[in-house]
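Participant: There's a structure below that I have some questions on.
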Amino acid sequence: MKKSIFVILSLLICLGLTAQSKGVIFENLTLQEAQTKAKAIKKAPKLIFMDCYTSWCGPCKDMTNNVFPQEICGTFFNANFVNVKFDMEKGEGLDIAKKYAVSVYPTFLILDAEGKEINRVIGSDKAESFIEKVRQAMNPSNSPSAKFEMYQKEKSSANLYAYVEALQNSYRNNELNFFLNEVFVTLKTNEKFNEKIWRALTSPAGAMYNTNNEVFRYVLLNKYEADRYLTKAKVDEHLLKTFKVYFMRYISGNIPQEMISNYETNVICANALSNNDFGIEYLARMAALKRENKMDELLGMLVYRQISRGTSLDIEMIEKSLSENRSLTPDQKAKVAQYFNEKSETLSRDAAYAKRNSERLSGSTNSNITK
């Protein structure tokens, strides 16, 4: 009996090792050791593939559990890279995160044998498409630095868009914003309001979310041009979103002093664009009460049945404007907490009502089928 159990366990272990060996083999090496091993490889490419992850990252776990164990991944990565992985919140990973400015997860770095970054791939994906992304990233000519050199040599629209796209795909937001702030006014009108440039400007970390940014001001002053190339609806939608973010930050107090001075100008612009938009009107009223220090009236606007008329983004911004406010007194915090309690109770009642109707209708349907 004991012998049988031993044989079964041995088979299971062997099967597990075989399955693991088919996938990507990540070696337990320091970055320096990985570089040394890459240098010792006799034929090119002498590259390092680094999985930058965190313990709480869901997409990271998906790659580890479902993608990297696949044979197709093992065949590609084991033949082309020294594969290593680091938790960005532990040990050497802390220094690596700083060195390579890793801030989103998962991030996959393609490094040469000297540890210099060639490119990076962001986010999880299916095995085949992920391999293709990495294959493209391996080519130094596809790196942001190479795209920038091409743009410097020939400032064509194609090279401009290629460089911007390379920066955006690798989440180099600071470099992207710096570049666009530098060159935006020098671009041709059709380049300024090209879809690829607009996508970069309106990304979550883009210049169009800062009402003090020179690019934002240019778009506002030359809105007729933006409307012509991008459509009025698209431009209005983003401008309204930016003003909502501004008012949310103004109410919460999480805003630089230099942006406070533009309050009145932003109110005028927001009102001109409003077109009965619930979110902008609600946040603008809240901001006005905050400016007049009428906190009791401001907190009185926290009524879920009213706020729920807005979009999910409106609701989130209205709630964040006070839930993230660090200057509230204990009594004021209690009122905000009361709002969330009332919201929770309302949603629970609504959910129970929906469930009862679902069960009633499902029962009725099953009854009809039985007959």
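Read the figures in this text as sums done on the coordinates, not as results from a lab. Predicted model only: the values in this text are computed from it and were never measured. Methodologically, a virtual Cβ is constructed for each residue, glycine included, from the backbone with ideal geometry; neighbour enumeration extends over all protein chains shown.
Participant: Could you pull out every residue, at least 5 positions away or on a different chain, whose amide H is within less than 5 Å of the one on residue 277? Hs are placed 1.01 Å off N in the peptide plane, and Pro or chain starts have none.
Facilitator: When sequence neighbours closer than 5 places are left aside, there are no close amide H contacts.
Participant: For the cross-link pairs 116/153; 192/241; 244/355; 43/98; 85/116; 42/85, which exceed 25 Å when the distance is taken from alpha carbon to alpha carbon?
Facilitator: Working: 116/153 23 Å; 192/241 20 Å; 244/355 34 Å; 43/98 31 Å; 85/116 16 Å; 42/85 23 Å.
Going by Cα-Cα distance, 244/355; 43/98 fall outside the 25 Å limit.
Participant: Quick check: residue separation of residue 326 and residue 257 times 0.36 nm, minus the Cα distance between them. What number comes out in nm? If you can, show how the numbers build up before the last one.
Facilitator: Values: separation 69, 0.36 × 69 = 24.84 nm, distance 1.59 nm.
Additional length available on full extension: 23.3 nm.
Participant: Which value, in debye to the nearest 20, gives the size of the charge dipole of segment 98-241 about its Cα centre, when Lys and Arg are +1 and Asp and Glu are -1 at the Cβ? Walk me through the numbers on the way to the answer.
Facilitator: On the way: 21 positive and 18 negative charges, 38 e Å.
So the dipole magnitude of segment 98-241 works out to roughly 180 debye.
Participant: Right, next: Using a Förster radius of 35 Å, what is the FRET efficiency between residue 116 and residue 188 based on their Cβ-Cβ separation? Nearest 0.05, please. Please list the in-between numbers first.
Facilitator: Values: r = 34 Å, r/R0 = 0.98.
Efficiency, from the Cβ-Cβ distance: 0.55.
Participant: Another question about this same structure. Rounded to the nearest 5, what % of the DSSP beta bridges within the chain are antiparallel ones?
Facilitator: Details: 11 of 18 bridges.
Approximately 60 percent, going by the DSSP bridge assignments.
Participant: Extending each Cα 7 Å along its Cβ direction at residue 305 and residue 359, get the distance between those two points in nm, one decimal.
Facilitator: Between residue 305 and residue 359, the simple spin-label model gives 2.6 nm.
Participant: Nearest 500 deg cm²/dmol is fine: what mean residue ellipticity at 222 nm does the chain get from its DSSP H runs of n ≥ 4 alone, each adding -39,500 (n - 2.57), divided by its residue count?
Facilitator: On the way: 21 runs with 240 residues, N = 371.
Mean residue ellipticity, 222 nm, calculated: -20000 deg cm²/dmol.
Participant: Where the only charges are on Cβ atoms (+1 Lys, Arg; -1 Asp, Glu), what is the dipole of the chain about its Cα centre, to the nearest 20 debye?
Facilitator: Working: 50 positive and 43 negative charges, 175 e Å.
My answer is approximately 840 debye.
Participant: Something else about it: Taking the Cβ of residue 324 as the centre, find all other residues whose Cβ is under 13 Å away and add up their charges (Lys, Arg: +1; Asp, Glu: -1).
Facilitator: Details: positive: 249, 320, 326, 333; negative: 316, 319.
Result for the local shell: +2.
Participant: Provide the FRET efficiency to the nearest 0.05 for the residue 175-residue 89 pair, computing r from the beta carbons and using R0 = 22 Å. Don't skip to the answer; put the middle values down first.
Facilitator: Values: r = 24 Å, r/R0 = 1.09.
Between residue 175 and residue 89 the formula returns 0.35.
Participant: How much net charge surrounds residue 203 when only other residues with a Cβ under 14 Å from its Cβ are counted (Lys, Arg +1; Asp, Glu -1)? Please report the intermediate quantities before stating the final value.
Facilitator: Values: positive: 172, 196, 199, 241; negative: 165, 175, 195.
After counting each charged neighbour, the total is +1.
Participant: Determine the shape class of the chain: with a ≥ b ≥ c the square roots of the Cα gyration tensor eigenvalues, call it rounded for a/c under 1.5, and otherwise prolate if a/b is greater than b/c, oblate otherwise.
Facilitator: On the way: a/c = 2.16, a/b = 1.29, b/c = 1.67.
It comes out oblate by the Cα gyration axes.
Participant: Would you please classify the overall shape of segment 43-168 from the alpha carbon gyration tensor, given that a ≥ b ≥ c denote the square roots of the eigenvalues, rounded means a/c under 1.5, and beyond that prolate means a/b larger than b/c while oblate covers the rest?
Facilitator: Numbers: a/c = 1.72, a/b = 1.49, b/c = 1.15.
Prolate shape, in that a/c is at least 1.5 and a/b is the bigger ratio.
Participant: Which of the pairs 320/343; 294/335; 99/126 have their Cα atoms more than 18 Å apart in this structure?
Facilitator: Values: 320/343 14 Å; 294/335 14 Å; 99/126 28 Å.
From 320/343; 294/335; 99/126, over 18 Å: 99/126.
Participant: Assign one of three labels to segment 264-371, namely rounded, prolate or oblate, based on the Cα gyration tensor with a ≥ b ≥ c the square roots of its eigenvalues; rounded applies when a/c is under 1.5, prolate when it is not and a/b is larger than b/c, and oblate otherwise.
Facilitator: On the way: a/c = 4.65, a/b = 2.00, b/c = 2.32.
Oblate, since a/c reaches 1.5 and b/c is not below a/b.
Participant: Around residue 357, what is the net charge, scoring Lys/Arg as +1 and Asp/Glu as -1 over all other residues with Cβ under 14 Å from its Cβ?
Facilitator: Values: positive: 349, 355, 356, 360; negative: 350, 359.
Result for the neighbourhood of residue 357: +2.
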